[in-house]
Amino acid sequence: MSETRFDEDGKFGEYGGQYVPEVLMPAIEELQSAYERYVLENEDGFMDEFRRHLRDFGGRPTPLQRADALSERYDRDIYLKREDLLHGGAHKLNNALGQVLLAKYMGKDRIVAETGAGQHGTATAMAATYLGIDCEVYMGRTDINRQRPNVFRMRTHDAEVNPVDVGSGTLKEAINETMRDWATNVENTHYVIGSVVGPHPFPQMVRDFQAVISDEARKQIQEQAGRLPDSVVACAGGGSNTMGAFHEFVGDGDVSLFAVEAGGSGLAIDEDEGLAPHSASLSTGEDGVLHGARTKLLQSRDGQILESHSVSAGLDYSGVGPELAHLAETGRVTPVSVGDDAALEAFHRLSKLEGIIPALESSHAIAYLEEAENSDESDELGDLVVVNVSGRGDKDLDTVIEESEKRGIDTAPSMEVFE
Ligand SMILES: *Cc1c(COP(=O)(O)O)cnc(C)c1O
């Protein structure tokens with residue numbers, strides 16, 4: 001996408017902005033004004049209706065649960081924020097419900113969305129059906145083939161799934177196609193972006209919809225543990241569960257914030273192949289522009305975006321939200337990374353110790369507890385830790401079995417029963 005316009009609005013330090021083609025500006029300006037009126041000023045009771053849907057349809061508030069076995073293992077008090085218990089099985093519904101409702105308040109009758117692993121597409125399709133609005137989802141051909149169950153889930157909710165055959169057929173191309181559709185059909189269409197990325201006001205708006213996570217968690221930990229936590233840990237792909245879990249704690253200077261990125265199979269990059277074997281854009285990225293915002297990106301020396309990798313599809317993205325880039329740059333958020341192997345082991349550990357099957361994305365946050373034990377950050381993690389379990393892992397079982405077998409991880413369930 002060409003960069004023809006830049007606006008100071010919505011910048012987080014040097015990150016963010018509106019690097020979009022001129023044709024998209026009317027859509028962005030209309031959205032910005034609707035966001036300010038309905039979300040920030042609660043015009044027509046928008047936020048009250050949003051909270052009602054989060055409660056009645058979504059099942060909020062989600063519990064904050066003390067993880068007894070993990071607490072014993074690490075000799076710290078570990079609390080889990082259970083976004084895996086939100087309807088749909090991940091935090092993504094918070095944002096999807098907010099944006100689909102906003103589209104209705106804006107008088108739109110059609111939703112478009114991009115999806116990578118299919119989680120955001122599924123959440124959007126659910127929200128669109130629930131609120132009675134048409135939904136089309138763009139998805140790369142490669143992703144369609146490797147995420148079949150989510151394609152069926154979307155179609156079950158009557159969403160159209162449009163395959164994108166350009167490039168590598170994954171999330172990056174799907175986002176470009178969705179922006180193109182939005183620019184063409186802005187009269188009746190809203191683009192529900194899936195994370196705290198894209199041009200302003202998306203990063204700020206998506207954060208506001210996800211902030212319900214930390215709004216609840218901050219009250220819950222004070223009720224249950226009698227004080228604020230020493231640290232909050234969340235995985236980071238684009239960073240929406242991350243910003244959601246951090247937002248209400250950012251002003252609490254004594255609360256450390258850890259963003260756990262996907263370290264994949266290692267942090268080195270292959271310039272010649274245009275590949276990064278990881279998705280750690282906060283930890284290793286360089287400043288650049290992607291999908292309408294200036295942020296930290298995985299890119300080659302000459303500024304080409306590198307393909308990212310993670311065993312977890314939801315973390316597999318070359319960029320990261322601009323606010324998170326800013327908070328990392330200024331030292332408020334500590335970016336750390338956890339590799340594929342450690343994430344897989346954490347998946348099994350939580351399943352066995354606590355009876356919770358976490359999403360592979362969330363497993364990165366869980367894995368960090370183990371990694372921190374012998375690291376410099378151990379003290380900073382402190383005695384009272386909140387970990388955001390962004391989603392449940394049923395969707396990942398096939399991948400986990402296959403990848404665990406490959407690695408000879410012996411805590412994986414035996415498949416002998418099928419033979
Ligand atoms: C999509 C997804 C993520 C990553 O997205 P963020 O915007 O970084 O939160 C994390 N966890 C789960 C369960 C997801 O589905």
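Quick check, is ASP158 modelled with pLDDT of 95 or more, of a type in the set (D, E, K, R) and within 29 Å of LYS81 (Cα to Cα)?
no
Step by step: first the residues of segment 333-360, then only those that are under 19 Å from the mean Cα position of the chain (by Cα), not in a helix (DSSP H, G or I) and not aliphatic (A, V, I, L, M), then the one that is farthest from GLY263 (Cα to Cα). Which residue is that?
Step by step, filter segment 333-360, then rank; the result is PRO358.
Tally time: how many residues in segment 264-297 are within 15 Å of the ligand (Cβ to nearest atom) and under 23 Å from THR399 (Cβ atoms)?
5
What residue, of PRO149, PRO163, is within 16 Å of the ligand (Cβ to nearest atom), touching a helix residue (DSSP H, G or I) at 6+ places or on another chain (Cβ under 8 Å) and outside the structural domain of LEU275 (by TED's automatic domain parsing)?
The match here is PRO149.
Identify the single condition in (1) assigned to a helix (DSSP H, G or I); (2) crowded, with 23+ Cβ neighbours inside 10 Å that ASP398 does not satisfy, given that it satisfies every other one.
(2)
Consider LEU85 carefully, then state whether it is surrounded by fewer than 24 Cβ atoms within 10 Å (Cβ to Cβ) and touching a Pro at 6+ places or on another chain (Cβ under 7 Å).
Here the answer is yes, as LEU85 does meet what is asked.
If you scan segment 134-178, which residues turn out to be charged (D, E, K, R) and either under 19 Å from THR189 (Cβ atoms) or crowded, with 19+ Cβ neighbours inside 10 Å (or both)?
ASP134, GLU136, ASP143, ARG153, ASP158, GLU160, LYS172, GLU173, GLU177
Are there any pairs with C-beta distances below 6 angstrom linking a residue in segment 352-367 that is of a type in the set (Asp, Glu) to a residue that is assigned to a helix (DSSP H, G or I), with the two at least 6 apart or on different chains, and if so which?
Listed by first residue and then by second, the contacts come to GLU354/ALA69; GLU361/GLY314; GLU361/LEU315.
Hey, does segment 65-79 have a residue that's touching a strand residue (DSSP E or B) at 6+ places or on another chain (Cβ under 7 Å), among the aromatic types (Phe, Trp, Tyr), away from the ligand (no atom under 16 Å from the Cβ) and at pLDDT 95 or above?
Checked segment 65-79: at least one residue is touching a strand residue (DSSP E or B) at 6+ places or on another chain (Cβ under 7 Å), among the aromatic types (Phe, Trp, Tyr), away from the ligand (no atom under 16 Å from the Cβ) and at pLDDT 95 or above.
In this structure, is GLN32 within 22 Å of THR129 (Cβ to Cβ), polar (S, T, N, Q) and outside the structural domain of VAL233 (by TED's automatic domain parsing)?
Details: within 22 Å of THR129 (Cβ to Cβ): no; polar (S, T, N, Q): yes; outside the structural domain of VAL233 (by TED's automatic domain parsing): yes.
Taking the combined requirement at face value, the residue does not satisfy it.
Mind telling me which of the residues SER195, SER231 ends up being away from the ligand (no atom under 16 Å from the Cβ) and either without any contact (Cβ under 8 Å) to a residue 24 or more places away in the chain or of a type in the set (Gly, Ala, Ser) (or both)?
SER231 is the lone residue from the list that is away from the ligand (no atom under 16 Å from the Cβ) and either without any contact (Cβ under 8 Å) to a residue 24 or more places away in the chain or of a type in the set (Gly, Ala, Ser) (or both).
Could you tell me whether SER256 is surrounded by 24 or more Cβ atoms within 10 Å (Cβ to Cβ), in the same structural domain as THR330 (by TED's automatic domain parsing) and hydroxyl-bearing (Ser, Thr, Tyr)?
Taking the combined requirement at face value, the residue does not satisfy it.
Out of all the residues in segment 114-124, is one or more modelled with pLDDT of 95 or more, within 20 Å of MET25 (Cα to Cα) and charged (D, E, K, R)?
yes
The values are calculated or read from the model by the stated rules, or taken from the named source; none is laboratory data. For clarity, every value in this text was computed on a predicted model and none was experimentally measured. Here the Cβ is made from the backbone with ideal geometry for all residues, glycine too, and neighbour counts use every protein chain on show.
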